[in-house]
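Every number here is computed from the coordinates shown, using simple stated rules; none is lab data. These numbers come from a predicted model, not from an experiment. Please note: Cβ atoms are built from the backbone with ideal geometry, for glycine as well, and neighbour counts cover all protein chains shown.
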Amino acid sequence: MFVDTGAIGEQLHSVFPVRIIWQSDHAVINSQWLTNQRISQPLQSDSRPACVLEPGGALLIDFGCELNGSVELAVGAPVAQIDPLPALRLRLGESASEAMAELGERNAGNDYAVRDDTVMMPWLGVRSFGPSGFRFLRIDCAGQIPVPLTHVRAVLALRNVEPSGSFRCSDQEVTRIWEVGAWTTRLNLQHHLWDGIKRDRLVWLGDLQPAAGAVQAIFGPDPAIERSLDLIRDCTPIGSWMNGISSYSLWWILIHERWWWGKGDRAYLEEQRTYLAGLTALLLNAMDASGREQLGGMRFIDWPSAGVDATVSAGLQALLCLALGAGSRMLSILGDAPRAEQCAAGAARARRAGQAPSASKAIAGLQALAGMIPSDPAALRILEGGARGMTAFLGGFALETLARAGRVDRGLAIMRGYWGAMIERGATSFWEEFDVDWLEGSGRIDELPDPGQRDLHGDFGRFGHAGFRMSLCHAWSVAPTAWLSENVLGIRPASPGLASVSITPQLGMLDWAEGRYPTPHGLIWVRHERKNGTIESEISLPDGVGRAADGAGTKVL
């Protein structure tokens with residue numbers, strides 16, 4: 001018997017190799033067998049020619065896209081009855097070069113998920129290796145006897161939930177950006193929402209903010225978001241900061257307001273009353289008399305600003321203003337008028353004490369969204385240099401500022417130049433960090449670098465995630481998916497739980513866009529097309545969802 005502690009609800013899918021990228025000059029026989037074989041059951045008597053790795057032989061496999069899960073390898077019969085068990089060294093990688101790296105080389109490691117190990121294989125048997133996040137697998141014969149590989153496959157592990165949201169438009173690259181953001185989100189949407197499937201496979205509240213918007217646009221109100229919010233709340237007593245980072249407690253408040261508008265679950269909001277009251281009181285005490293933030297804990301906004309005190313302080317000031325405003329509105333809904341008024345007054349003080357416009361595009365976007373600086377000057381700052389200076393985590397707030405300034409056309413161009421550039425270099429999921437300056441002199445992540453060429457994965461990154469430790473499937477990088485659904489399709493809640501919606505399309509330079517948006521009541525479907533200088537729309541709303549005036553939708557983050 002077993003104790004049922006709740007269904008995980010996992011889907012498992014076979015993914016077979018699509019190509020052999022590299023193999024050693026000797027000791028590899030019939031490697032193409034692995035790209036053609038689709039039978040995963042070993043056979044006692046099999047006349048078909050397996051792939052054989054002789055001692056010293058190695059090869060590098062591409063499964064075609066980023067995956068979460070494990071790999072499974074099957075070995076045939078030994079040549080002689082007395083042969084010892086064969087040994088294989090297995091190395092998973094999110095890039096081709098990561099799978100080729102030695103442990104410790106350019107920060108390649110086994111943190112959070114073992115991705116490099118030597119394993120004993122059974123004769124006429126199957127063995128799994130993982131889990132981790134990966135696309136590539138290097139296999140080395142680590143023993144002194146040949147190893148007949150009868151099949152190799154990846155076992156993709158997903159939550160048992162199907163996407164119902166969608167987005168298509170006249171620009172295939174923009175459509176692809178929405179899809180890659182959706183895939184990145186789905187891979188990380190496990191029982192909880194992870195930051196990354198290779199690293200860290202943990203719940204970080206900052207990563208949850210962009211991902212929560214994407215989850216709503218792809219799946220609707222999925223319970224993994226609430227499980228993640230509650231998990232960190234319950235292990236963080238008031239007086240401490242979520243994940244040890246003060247800004248992550250601010251994100252907790254902002255995510256809850258977004259979730260309230262997307263799901264409209266009054267009972268769940270009521271469950272947050274005590275913690276929300278305590279956290280907002282803590283925040284009000286983390287301001288000086290002038291309204292300037294005095295937040296403790298790890299003072300972090302995003303990686304590009306780390307260590308730049310003025311930029312970090314400007315970002316925290318804007319976030320404090322936004323979080324107190326959101327806290328005030330939710331406390332008002334909960335009937336706590338005195339605390340709601342205190343938070344509103346605190347948000348106003350924080351707004352008045354706001355610093356000068358930040359040189360950071362992302363922080364300038366946050367300042368504009370907090371009402372600290374006008375949106376037009378912030379938009380001009382964001383537009384300088386196009387995609388240069390954007391960030392994977394907070395870049396979505398720069399896009400949102402452009403949309404609110406009526407510059408969706410420029411937002412689309414920057415999105416293509418930044419997130420689209422990752423796709424052009426082989427990405428099938430979005431990365432923890434990226435800078436367009438990395439493109440010069442570097443190659444693709446799905447190819448091994450040429451001599452003299454910089455490695456787009458191994459040679460970049462900074463701080464604790466430099467080199468191959470950097471995650472190439474990170475939940476905080478998915479902001480374009482929600483942004484396209486909410487701004488190009490124009491679908492925003494006008495009342496909690498999307499009981500009514502505002503649909504205000506902004507096509508920018510697109511000729512048409514269409515898509516579905518999930519609500520607790522069913523799917524919204526829209527199609528917008530530019531005709532004769534105007535935008536014509538087809539709109540289908542499910543029962544229980546009303547249409548509000550254009551532009552009446554909420555502007556919560």
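Remarks
- The equivalent ellipsoid of the chain has semi-axes of 45, 25, 24 Å, largest first, where each one is the square root of 5 times an eigenvalue of the Cα gyration tensor.
- Built amide H within the under 5 Å cut-off of S495, gap 5+: S500
- Fewest-first ranking of R492, R176, using other Cβ atoms within 10 Å as the exposure measure: R176, R492
- Every Cα-Cα pair of the range 144-234 was included, and the share exceeding 15 Å stands at 64 percent.
- Sparse-neighbourhood loop sites, GluC sites (Glu not before Pro) in the range 31-127 - DSSP loop, at most 11 other Cβ within 10 angstrom: E102
- Of the residues F468, V501, W512, the one whose Cα sits farthest towards the positive end of the charge dipole of the range 402-519 is V501 (charges of +1 on Lys and Arg Cβ, -1 on Asp and Glu Cβ, taken about the Cα centre).
- Packing here is the average count of other Cβ atoms within 10 Å per residue, and on that basis the peptides 301-310, 412-421, highest first, run 412-421, 301-310.
- Counted over all Cα-Cα pairs of the range 491-547, pairs farther apart than 14 Å make up 51 percent.
- Normalised by the number of residues in the range 491-547, the average gap of Cα pairs under 8 Å and 6 or more apart makes the relative contact order 31 percent.
- Stokes-Einstein D for the range 1-152, Kirkwood Rh over Cα pairs, 4 °C, 1.567 mPa s (µm²/s): 80
- Per-residue Karplus couplings for the range 479-488, computed as 6.51 cos²θ - 1.76 cosθ + 1.60 with θ equal to phi - 60°, are listed in order as 3, x, 5, 5, 4, 5, 5, 7, 10, 6 Hz, Gly and Pro entered as x.
- In terms of other Cβ atoms within 10 Å, D265, D62, D234 run from fewest to most in the order D234, D265, D62.
- Projecting the Cα atoms of L92, L12, Q355 onto the charge dipole of the chain (Cβ charges, centred on the Cα centre) puts Q355 farthest toward the positive pole.
- Under 5 Å, built H, 5+ apart or other chain: amide partners of T519: I524
- Taking θ as phi - 60° and the Karplus parameters 6.51, -1.76 and 1.60, the scalar couplings of the range 243-259 work out to 6, x, 10, 4, 5, 6, 5, 5, 4, 4, 5, 5, 5, 5, 5, 4, 5 Hz in sequence order, x denoting glycine and proline.
- For the range 27-106, the Kirkwood estimate of the hydrodynamic radius, built from every pair of different alpha carbons, is 14.9 Å.
- Nearby aspartates and glutamates by direct alpha-carbon distance to K531 (threshold 20 angstrom, same-chain neighbours under 8 apart not counted): D171, D409, D511, E514, D550
- A cut-off of 5 Å between modelled amide H atoms, ignoring neighbours fewer than 5 places along the same chain, links G490 with Q506.
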